[in-house]
Amino acid sequence: MPKPSAFPQVTSGSVVTATCILALLYFGRGVLEPLALALILSLVIAPLIRIIGRTGLGRLPSTFIAVLLSGVGVVGICFMLAFQLVAVTGELPQYRAAIQTKLKSVRELTERPFARIEAELRAVALPRPGSSTLPRRGESPLGAGQTKPLAVEIHAPQMSTTETLTRLVSSASGPVGEAGLALVLLVFVLLEHESLRDRIVRLTGQGEVGRTMKALGDATEGVSRFFFSQFIVNVLFGSVVGIALWAAGVPHAALFGTLSGLMRFVPYLGALVAGMAIAIFAAAIDPGWTLAIACLAMYTTLELVVANVVEPKVYGHSSGLSPLAVMVSALFWGSMWGPVGLLLSTPLTLCLVVAGRHVRALEAINILFSDTPSVDEAQRFYHRILSGEADAIIRDAQTYLRKFSFARYCDQILLPGLALGGEEYATGRIEKAQEDNVRTTIVALAEALVPVSGRPAKGRSRGRVSLLDANVGAHLRQMRQMHLGRWQGSLDVPARSIVLCAGLPSERDDLLNELFVLALREVEVDARSVGVSAADDGPGPDRGDLVSTVFLAYPLKETLERWLVIARDLRAGLPEAVLVTIRLSPDSRDADQSVVEQSVDMVLRTFEEGVALMSADSPAPA
């Protein structure tokens, strides 16, 4: 049965609930911001606590040591940044002339084309006679009775030292107070780690203990490992940038190195802002553009190497979020909580994605924001084949076949993908255009992957014949007969060298037989297919000694009786041949295997097993 949708039916109650949650996030930011910051920091510090705990210290000493080390590091970085910023602010007047010169050159460079266009347009649009607005000789430019306006200057009142300190303290008290509250909450969260876990498990109920413990394990192990790894990578990135700037002779290299490491926590936008700040500062201290271009090239190269080489190896593959999800989460949390939300956007969304793997109510978040969509290759194949995306299917199949066989491609992707549409096809929920897409794509795929002539296909035909509308399997057999003759190959072959694929005269059996023939011919087995009900489909009973094995398509419940008759006839007509059937992806529509086993020599489960059975000692096809 198909998996139910992860999105519940939209009702007025769900809309009200979502609205209340959004309002709570926006208006409760004063309480939720420090709480979320404390929870995220607890995940970052958790690996450090485990490392300290391995020395033999208990939970309480390890927690205090980890918090103390983290606090000392943060305070030290803040003081260093403050002193560096004060120094840079004091030196800005020295760079003012250079900055103005650079801005003037940039402005001229950007405005020159527009000024030239404007001059040309003015030259074309000549003034009309008598419309001159120039003043007459002896007449004041301002006109009669007008006087020249007086210049007025506005000076801001000089603030006293007390007012300056008061404003500085008031502006810093908000962030400092929030940081202090987050630190207190962090200590209590770390100390109450065991108790919080027990409370969460108790809230979910005894029936969900396993799933809850798995979700908490993913959060505390996987997510915290990712955050800690991201912290280490960003620290190293900032250190390398600082050392490179110091080697290039850029003043305050430590400030810009630290800025580079911190801004990398802000997705995408942070790295861009840090790089532009470094380039602008380098342009201000250097008379030319060489230093700015060199610093920007160094920063860009280092960012590309870290983002595309270092981070995938350190994090595993990715952060667990798609790039679009990272941008959407940054916009959402930034609009909700401002700069703090922008900084916490990736961690918060990643936690929600991890929770969505285990909590039904959050499954939609996992589907929308996860780096890998919740569809496997077979489902993607089914979606594409309904849309008629033959080129994409063939391209992916060719990539797959560079590593694996066509038989495995059928077992893992093609046949499971087609099986997904079985119920929709039986109930008539697939449109005629989609049916046509399925048929033509299968034919194009078969011709492109395993050419019937045994030679690589230079191109594939898009023409359609009448059989394609009725039976795609029969169409494939007809195409092979057009290339290889009526008997799909020469009859002048050694005895017991032909593998025969047979089945009921239905589209299902014909398609399975044709695909299996292609899988056998890929490994140079002389495989041929036959429609059992047709009187002239075989070369006659006198040539039965050529057949070594007969693969008979597995029956359904409604076709079991006819299938048993055909199996009995094949056994009588080809007494020396081995009779085999392959039961692919067993489901409720299949016939009882215990009954089928009585009429065949063996029952296999995959095309790969059938190919392995025949490819070892079968001679090459003629």
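Values for this structure:
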read-out	value
Point-to-point label distance, S594-E558, nm (Cα→Cβ direction, 7 Å offset)	2.5 nm
Protection proxy ranking, peptides 12-21, 408-417, average beta carbon neighbours within 10 Å, highest first	408-417, 12-21
Sequence of D545, D592, D526 once ranked by neighbouring C-beta atoms within 10 Å, starting from the fewest	D592, D545, D526
Semi-axes of the equivalent ellipsoid for region 48-101, Cα gyration tensor, largest first, Å	44, 9, 5
Expected-Rg normalisation [2.2 N^0.38 Å, Cα atoms] applied to region 218-337	1.15
Extent along principal axes [Cα atoms of region 12-64; Å; largest to smallest]	55, 21, 14
Peptides ranked, highest mean first, by Cβ atoms within 10 Å: ranges 285-292, 262-269	262-269, 285-292
Residues I40, I51 arranged by fewest to most Cβ contacts within 10 Å	I51, I40
Residues Y26, Y554 arranged by fewest to most Cβ contacts within 10 Å	Y26, Y554
Percentage relative contact order, region 233-359, counting C-alpha pairs under 8 Å, at least six apart	17 percent
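Computed from the coordinates by the stated procedures, all read-outs in this text should not be read as laboratory data. Worth saying up front: this structure is predicted, and the values here are computed from it rather than measured. Cβ sites come from the backbone with ideal geometry, for glycine too, and all protein chains shown count toward neighbours.
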